[in-house]
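Written out below as structure tokens is the structure these notes cover.
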Amino acid sequence: MADYYVGQIFINEYPPEAAQWCDENNYYIDDIEPLGNQRRFEIFAIPEPTPEEQEAEFNRQFFNTSLGYVRRSVTMKDGSRKDFLCDILPLLQVGVPVLTYTRELEQSKVLVTEQFLNECKQQLLIDFYGVQL
């Protein structure tokens, strides 16, 4: 594959290999100001997310409990995905092991407590109504 780089400009069209390289290396190609009647395309780096964007993404994927953070979307052993609050919470009982995480995504296996079940139910209400009841 040819060498591509950030700032490289293509006139009228860009090779499919450049688009593939961008997809594989966290870059993208975008239209830039035409030169006369010729279209131009340039390779740009995808910017790193801001701390606020990282926080928002973390909060989309996890919610906090007294036992740790819980992943909202859980991948089951068979590869299927389940929503923790809607699909798994109704099946949980006190004393059943569940995975929780730290902010640094370190996993822990903890036992479900009554407080944990109440916090999960409260989170479901927050998600549904948008406020804590």
Strands (runs of 3 or more DSSP E) contained in segment 11-72 and holding at least 3 residues under 30 Å from Asn118 (Cβ atoms) and not acidic (Asp, Glu): 62-65, 68-71
The one condition in (1) at pLDDT 95 or above; (2) out of contact with any helix residue (DSSP H, G or I) (no Cβ under 7 Å at 6 or more places or on another chain); (3) of a type outside the set (S, T, N, Q) that Gly130 fails to fulfil: (1)
Tally of residues being surrounded by 11 or more Cβ atoms within 10 Å (Cβ to Cβ) and either among the hydrophobic types (A, V, I, L, M, F, W, C) or over 16 Å from Gln8 (Cβ atoms) (or both) across segment 36-52: 5
Residues of segment 82-132 satisfying the condition of being free of Cβ contacts under 8 Å to residues at least 12 places away in the same chain and part of a loop (DSSP other than H, G, I, E, B): Glu104, Leu105, Glu106, Gly130, Val131, Gln132
Count of segment 54-79 residues which are under 17 Å from the mean Cα position of the chain (by Cα) and not charged (D, E, K, R): 13
Positions within segment 91-108 being more than 19 Å from the chain's Cα centre (by Cα) and within 23 Å of Asn59 (Cβ to Cβ), in sequence order: Leu92, Val98, Ser108
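The values are calculated or read from the model by the stated rules, or taken from the named source; none is laboratory data. Fair warning: this is a prediction, and the values are worked out from it, not measured in the lab. Quick reminder, even Gly has a Cβ in these numbers, built from the backbone with ideal geometry, and neighbours come from all protein chains shown.
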